[in-house]
Each structure stands twice: as structure tokens, then as C-alpha cells.
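Here's the structure, in C-alpha cells; my notes come after.
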Amino acid sequence: MTGQPDHVMIVGAGLGGLRTAEQLRSAGFQGRISLVGAEPHAPYDRPPLSKQILTGDWEPEKIVLSGLDALLDIGVRVHLGIEAVALRHSEDGRSGWGERGHELELSDGATLHGDAVVIATGLAARTLPGQPATVHTLRTLDDALALRDALTRIRSLLVVGGGFIGAEVASAARTRGIEVTVLEGLPVVLARALGPDVGALAGRLLVEGGVDVRTGAALTRFTDNGTGVGVELADGTHCSADAALVGIGGAPRVQWLDGAGLDLTDGLACGTTGRVHGLTAAWAVGDVAAWDDPVYGDRHRHEHWTSAADQAAVVASDILGAAPPPPTVPYFWSDQFGLKIQLLGRPELADRVVPLHGTGFDGGPIRGTVGGYLDGDRLVAVVGFGAARIVTRYRAQVAERAPLDTAVSGRGGG
């Protein structure tokens, strides 16, 4: 492909889709941009949904990332409250952008035609078999508002899933004085995201925050509990509460691409610049995209806010044939019980965790504790609990996969 496309279609009006449009314009792209979003809301920020929106500290207006007027000002045509239902590509044998090969079919019956497409459809909240319609999930603004309304009327909450969403919802509920029970099937909460050692520390945070945490709890079915919600566990015990949330992660929203001939097992497989393997002139960003990692030689989906924004910059550069921005380190944060958990890097690549600062791993205070994830002797990730200044010192060392001794004696030390 040579030159620039005439029309870029972006499917998904969340952070990744919005930032791609903005990056294209800021880089001087003069062609048409269409932004398609399944939700009726203008692009908004998702992290506050389980934090400030849920606690009632913020109203929805505060999380808007870009209003419709601002998008119109930069020449982005917006289609909100409309889902993409199919993507077709016709190859006519010509090279360059002039082939206009993409047809995007929308749920309202319209079809958009463009020569480049960026897929940023994100995740859908996973549900459990037999899950009642009254049981909450948390993925969208409407989900958050419905759950917030419920929290004003209940005394007890059952949270199924001890991941970050479950922990943050538990924290928000406890600020309202609600009794919270968290059910986690694994031996440790947050083990999938943080590993067992750091997950155990996060579990302490929940317990010290007044949450009843039950690990190794396998849910077998929901039960009829009158006005509330009940569950039966594999060991025969029952739990009940006034309301319940299922927070067991999300599934990439790729069903609408079933006819495209792609492997959709874990989102969209992409190259190092976000180009979708198996599609011409197509890119993917954010939670739905599994990018090849040139450093570690694997493929990974980064379900993080900063990764979506970073990937958007890379994709915009690739579409326009410009040099990519410098590589970045994956970063994630979570606010729970008055403390910020921060994570740099890829902890799933580590074979052990070592304490770097604080005494939380030895039973001391959680606040100020920092741990390093090691692959052999190389630092691949760092996690901190209420230790923002310390964690940021390790960014360069994580990016370089520095040996532990070098990392501790460098900017990470002290």
C-alpha cells in the first residue's frame, strides 16, 4: 500500500477507537474518519466505572473523553448506538489504497465503505450458566449506574470473582457500609493478574477492609432466594445477599467477525504494529487485540487503559506510513480501600516474585510494599501498593529486562 487511505472506519468508540481517530488527525490525516460505537454514549473513560462512578463521587459527565461537538470539530463522523454486524473485504487485484476493499455492515441496515478499518470493540462481560437477569455485571456506564442504584438500597452484596473488578466493587460497597462477601474459585484472589504471592497480599487488603473473602469457592448454581440472590457452592454450602455481581472477566467482542475467516480464539491476532493477521488494511487496538510481542516472542492481549492509548498511536502511525512512537511498558492501576495498586510490565512471564521495598510480604503493612517479578534474574514487572513514587523508578529497568542487581542499584534503589 502506498500513500494514505481516503476513509478510515473505526469500530468501537471507547478509548482505543477515540485515540486512534485523534492520533490520525494530529498526524495530519486529511481523509474521512467514521467512528462506530455500540453504546449510545459519547466516548467515555471506563476505569472510573468501578471507582468514582460507583461510589457516587462522580457523575457520568465527568468521565466523557470527547463530546460529539469536539469530534465533529476534527472531522470525525460518529455513529453511536449502532453495532457492527459484519465486515467484508473484496480483493480486486489492484495495489494501493484505491481498492476500497472494506464493507462494514451496521445493525441499522446501513453499510459503510472504506479502504482501512480499525477494530476496537473491546470486551463483553462474561456471565455464568443460569445467571439470573437480576445479577449485575460491570462493563458499561449503564452497568455502573444500575449497580450504583442497587448499592443505595441494599445491606449485603455477593461478589462472584475475586479479580480487580470484584475487588474494586467490594471496596466501593464497603464505603457505603454494605456487608460484602467475595467468592473466588482459586486459592488466592487476583492470582490470574498478580500471581499467588502478590494475590495473597491483595487478599489481605480485602480482609482488612472488612470483606468476607472465601477462596476455593466453586459456584455450582444460583438458587431462588426470594427478594435477594442465593448461590450454592460445590461443597454444599449456600451464600445469599440482597444483590450480586458477577465479575469473572470479559470476552473479546469478535462474534460479528465470524464470517471473516479469522482465528478468533482469543481476540484478534495482530502483528507488532496492530495489523490484523489474515485481513488486508485492518488493524486492532485495545482489549480485543492480541499483538505480537517482539521482545518476548509471544502474542498477548493487554487489557489496560494505557495500552489502548499507546496502541492507538502505533496504529495511526502505521496507517499513515510514519515512524512508530517509542515502545512503552504496560501499566495498570487499581484503587481499593484508599490505596492504589500499580503494576508495570508483564507479571505472567515471571517465575518468582521478590520483595523490593516494604514489609507486606512478611506480614507487615501493605502500604509501601513493592515487589519485583523475575524471569530468571531479569526484572519483567513491578507491583506496588500505595508506593507510586517507588514504582515509577523501575519503568526503565522493566523495559530493559534489567538483571535484579542492576535494577535495585539503579533508579529503583532507595
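The values are calculated or read from the model by the stated rules, or taken from the named source; none is laboratory data. Keep in mind the model is a prediction, meaning the values are calculated, not measured. Cβ: placed from backbone, ideal geometry, glycine included. Neighbour counts: every protein chain shown.
Every residue, every condition in (1) in contact with a Ser or Thr (Cβ under 9 Å, 6 or more places away or on another chain); (2) surrounded by fewer than 22 Cβ atoms within 10 Å (Cβ to Cβ); (3) part of a strand (DSSP E or B), yes or no:
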site: 297; (1), (2), (3): no, yes, no
site: 312; (1), (2), (3): yes, no, no
site: 318; (1), (2), (3): yes, yes, no
site: 324; (1), (2), (3): yes, yes, no
site: 355; (1), (2), (3): yes, yes, yes
Check your understanding: Which one of 317, 307 is over 19 Å from the mean Cα position of the chain (by Cα) and of a type in the set (S, T, N, Q)?
Key -> 317
Study note, to complete from the structure: Within segment 357-384, residues in a helix (DSSP H, G or I) and among the hydrophobic types (A, V, I, L, M, F, W, C) come out as 361
Study note, to complete from the structure: The correct count of residues that are assigned to a helix (DSSP H, G or I) and over 19 Å from residue 340 (Cβ atoms) in segment 196-217 is 2
**Study point:** Sole residue being out of contact with any strand residue (DSSP E or B) (no Cβ under 8 Å at 6 or more places or on another chain), farther than 29 Å from residue 17 by Cβ and hydroxyl-bearing (Ser, Thr, Tyr), chosen from 152, 181
**Key:** 152
Revision key, fill the gap. Of the residues in segment 385-409 that are assigned to a helix (DSSP H, G or I) and touching a Lys or Arg at 6+ places or on another chain (Cβ under 8 Å), the one that is farthest from residue 342 (Cα to Cα) is 404
Review point. Of the residues in segment 218-240, how many are in a strand (DSSP E or B) and under 28 Å from the mean Cα position of the chain (by Cα)?
Key: 6
Review point. Of the conditions (1) touching a Pro at 6+ places or on another chain (Cβ under 7 Å); (2) aliphatic (A, V, I, L, M); (3) surrounded by fewer than 22 Cβ atoms within 10 Å (Cβ to Cβ), residue 288 fails just one. Which one is it?
Key: (3)
**Study point:** Qualifying residue in segment 156-175 (condition: over 24 Å from the mean Cα position of the chain (by Cα) and at positive phi)
**Key:** no
Review point. If we keep just the residues of segment 241-262 that are aliphatic (A, V, I, L, M) and assigned to a strand (DSSP E or B), which is surrounded by the fewest Cβ atoms within 10 Å (Cβ to Cβ)?
Key: 251
**Study point:** Sole residue being closer than 28 Å to residue 204 by Cα, part of a loop (DSSP other than H, G, I, E, B) and either modelled with pLDDT of 95 or more or polar (S, T, N, Q) (or both), chosen from 183, 128
**Key:** 128
